[in-house]
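Written out below as C-alpha cells is the structure these notes cover.
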Amino acid sequence: MDVSRLRSGEIGAAIGGLLLVIAVFLPAYSPSRENPNATVAGGRDDASIWQVHEVLRILLLLAAVAPVVLVYIIARGHQLSWPRGEMTAVIGLVAVTLLIYVGVIDRPGEPSGEIGLAVGWYLALLASLAIAAGGAIRSSEFERKRRPPGVL
C-alpha cells in the first residue's frame, strides 16, 4: 500500500465522505417557530436526515464510502477497466441530486413551506459536491486510450 500515490482530488473526496457521515446526523430540517402547526418527523424540534429519511440515509452513508474505496484502490494500485475516480464522481452527483430533491423540491414536514433547512442539509450538500469534485479531478488526470472508429 503506497499512500504517496494519493493526490488532492481523492483526499478532498475522502474528507467529503467523512463530512457526509457527520452531516447525516446533524439537524437538517427546522420547523418554523412562528407556525405552531409546522412539524417535521412528527415533532416541532429540528430533525436530521437520519430521523426523517429512511432510504436516503442509507444511500448517503453508502455514498460516503465511495471515496474511501477510491483511496484504497489508488493506494493499492489496482487496475480498473474505467478511469479511477469516475464512479466516485457519479456517486457524488447522485447524492447531490437526491439532496437537492429532498431539500428544495419535496421538503419533508407539514406544511413543507414552513420547514427550513438547517446546517446538516447544507453540510451534506457541500460534502456530496466535494465527493463528486474529488472523483472528477482524479478521473480527468489520466487520458483514456483512444481506439479507431468501429472497434469495440
TYR122 vs. criteria in contact with a strand residue (DSSP E or B) (Cβ under 9 Å, 6 or more places away or on another chain) and within 23 Å of VAL24 (Cα to Cα):
yes
Condition (residue is of a type in the set (Ser, Thr, Tyr) and either surrounded by fewer than 18 Cβ atoms within 10 Å (Cβ to Cβ) or under 14 Å from the mean Cα position of the chain (by Cα) (or both)) applied to segment 44-58: is it met by at least one residue?
no
Six or more apart or on different chains, Cβ under 6 Å: which pairs go from a residue in segment 67-78 that's more than 15 Å from VAL90 (Cα to Cα) to one that's at pLDDT 80 or above? Could you list them?
VAL71/GLU10; VAL71/ALA14; ILE74/GLU10
Per the filter on segment 63-101, residues closer than 30 Å to ASP45 by Cβ, among the β-branched types (Val, Ile, Thr) and in contact with a helix residue (DSSP H, G or I) (Cβ under 6 Å, 6 or more places away or on another chain) are VAL96
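Quick grid of which residues meet (1) assigned to a helix (DSSP H, G or I); (2) touching a residue at least 40 places away in the same chain (Cβ under 8 Å); (3) among the small types (Gly, Ala, Ser); (4) buried (at least 21 other Cβ atoms within 10 Å of the Cβ):
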position: VAL90; (1), (2), (3), (4): yes, yes, no, no
position: VAL94; (1), (2), (3), (4): yes, no, no, no
position: TYR101; (1), (2), (3), (4): yes, no, no, no
position: GLY113; (1), (2), (3), (4): yes, no, yes, no
position: GLY116; (1), (2), (3), (4): no, yes, yes, no
position: ALA124; (1), (2), (3), (4): yes, yes, yes, yes
position: SER128; (1), (2), (3), (4): yes, yes, yes, yes
position: ARG138; (1), (2), (3), (4): yes, yes, no, yes
Set PRO36, PRO67, PRO83: member being closer than 21 Å to ALA136 by Cβ, modelled with pLDDT under 95 and in a loop (DSSP other than H, G, I, E, B):
PRO83
Do we find that TYR72 is among the aromatic types (Phe, Trp, Tyr), loosely packed, with under 15 Cβ neighbours inside 10 Å and within 18 Å of the chain's Cα centre (by Cα) in this structure?
no
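The values are calculated or read from the model by the stated rules, or taken from the named source; none is laboratory data. Keep in mind that what you see is a predicted model, and the values were worked out from it rather than measured. Counting neighbours? That spans all protein chains shown, and the Cβs are built from the backbone with ideal geometry, glycine included.
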